[in-house]
1. Treating only the Cα positions of the stretch 274-317 as identical point scatterers, give the base-10 log of I(q)/I(0) from the Debye formula at each q in 0.19 Å⁻¹.
2. Grab the Cα-Cα distance for ASP63 and LEU247, subtract it from 0.36 nm times how many residues apart they are, and report the gain in nm with one decimal.
3. Kirkwood hydrodynamic radius for the stretch 1-123: how many Å is it when counted over pairs of different Cα atoms?
4. Have a look at the stretch 27-91 and give its Rg and Dmax from the Cα atoms, expressed in angstrom.
5. Volume per residue, Å³, of the convex hull around the alpha-carbon atoms of the stretch 242-318?
6. So how do HIS312, HIS69, HIS201, HIS294 line up by other beta-carbon neighbours within 10 Å, fewest first?
7. Could you work out [θ]222 nm for the chain from helices alone, using -39500 (n - 2.57) per DSSP H run of at least four and dividing by all its residues? Round to the nearest 500 deg cm²/dmol.
8. Quick one: Karplus J couplings for the stretch 235-246, per residue in order, coefficients 6.51, -1.76, 1.60, θ = phi - 60°, nearest Hz, x for Gly and Pro?
Amino acid sequence: MKLLVSGSLNYDTYLFVDNFAPPKSVVKQIKNYLGGSGGNAAVSAAKILGKNNVVFLGAVGDDEIAEKHLEDLKASGVETSYVVKVKNVLSGRSFIAVNRLGETAIYSYYGANEFLNVEYVAKVLENIIDKLEGVLIMNPPLEVATFIAVKSKSRNVKVFWDPGTLVRFGMTQLMTALSSTDYFMPNENELITLTGEGSLHKSLEALAKVNPKMRIIIKMGAKGSALYSLEGTSFCFTAAKPESLGLKTVSTSGCGDVYVGVFTALKVLGSSDVEAAIAATCASTIKASTDNPHGGPDLETLNKYLEICRKHINVRECWF
Ligand SMILES: Nc1ncnc2c1ncn2[C@@H]1O[C@H](COP(=O)(O)OP(=O)(O)OP(=O)(O)O)[C@@H](O)[C@H]1O
Ligand SMILES: [Mg+2]
């Protein structure tokens with residue numbers, strides 16, 4: 001066991017529509033996927049690290065969806081024995097309307113995800129922390145995220161954190177967890193929402209005041225990503241289109257989860273930051289060619305595409 005991933009498990013229902021919400025709307029197509037940022041990232045990391053190297057910490061309800069998640073995580077090589085099963089509660093769900101332009105409107109029902117608590121997580125961590133080389137915190141309840149970050153840091157386990165919607169709590173409430181984070185990985189909108197600053201530059205300055213040693217990866221969709229380091233060099237990475245790898249673009253939803261799952265897995269394997277970011281970019285390009293949020297590549301597939309990805313992913317030093 002090398003990596004612990006904690007965050008949401010959702011059942012994603014995509015509703016394909018022409019336009020968002022005219023008075024009466026027709027849904028053209030429905031597709032269901034096992035999703036949730038926690039599950040997406042755990043599966044992506046397990047595909048790179050192999051069987052039984054990723055342990056998942058999250059919660060499901062007592063419905064059929066719960067069983068589907070557990071089967072799927074196990075089949076992907078994720079250790080599920082610590083997943084909480086909450087009685088008389090539904091598993092988390094996401095309803096994602098996709099319009100003709102490919103834009104999305106997401107409605108999430110947290111359900112069982114909200115029931116993961118610090119008392120339980122403390123017991124689990126005490127059992128397994130000595131075996132861990134990293135923790136990838138996605139979007140568990142904020143007090144759980146904070147506990148995992150602080151505990152792991154105190155035991156020299158590397159802390160990776162993609163805050164997702166937890167940024168809604170703002171800087172003051174995220175301060176303790178941020179102080180214990182090694183790699184913070186929000187997307188650009190989340191970063192600006194978190195700090196309340198008007199620009200990426202000012203947001204990074206605000207974060208540097210909280211934790212100057214923290215590396216920050218900013219995910220920027222089709223524009224690519226950036227790896228910001230206050231004390232070292234910062235790098236920008238362009239994105240690569242699936243077409244450049246001979247694939248078709250289908251859905252970029254969940255690309256961020258694949259990015260952080262693969263980045264973290266490669267760091268656990270000892271890659272440099274730049275190499276891990278190139279591989280994560282390549283993996284998210286491959287993910288964009290399927291609408292399954294668990295559709296990131298395994299290590300063999302990633303290695304097969306890496307050479308051609310390198311030709312399309314431009315890496316340069318950059319400043320903010
Ligand atoms: N339209 C796109 N074309 C090419 N690459 C993309 C595109 N969208 C995302 N990517 C790749 O995936 C990476 C992460 O995606 P993104 O910036 O959308 O993260 P995110 O907002 O956290 O996503 P999500 O939360 O939906 O998983 C990007 O840095 C980029 O490399
Ligand atoms: Mg995201």
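Every number here is computed from the coordinates shown, using simple stated rules; none is lab data. Since the model is a prediction, treat every value here as computed from it, not as a measurement. Positions of Cβ are generated from backbone atoms using ideal geometry, with glycine treated the same way; all protein chains shown enter the neighbour counts.
1. -0.54
2. 62.6 nm
3. 15.3 Å
4. My reading of the Cα-based Rg and Dmax gives 12.6, 40 Å.
5. So the per-residue hull volume is 88 Å³.
6. Starting with the residue having the fewest Cβ neighbours, the order is HIS201, HIS312, HIS294, HIS69.
7. Rounded to the nearest 500, it is -12000 deg cm²/dmol.
8. Residue by residue, the stretch 235-246 yields 10, 10, 10, 6, 7, 10, 6, x, 4, 5, 9, x Hz.
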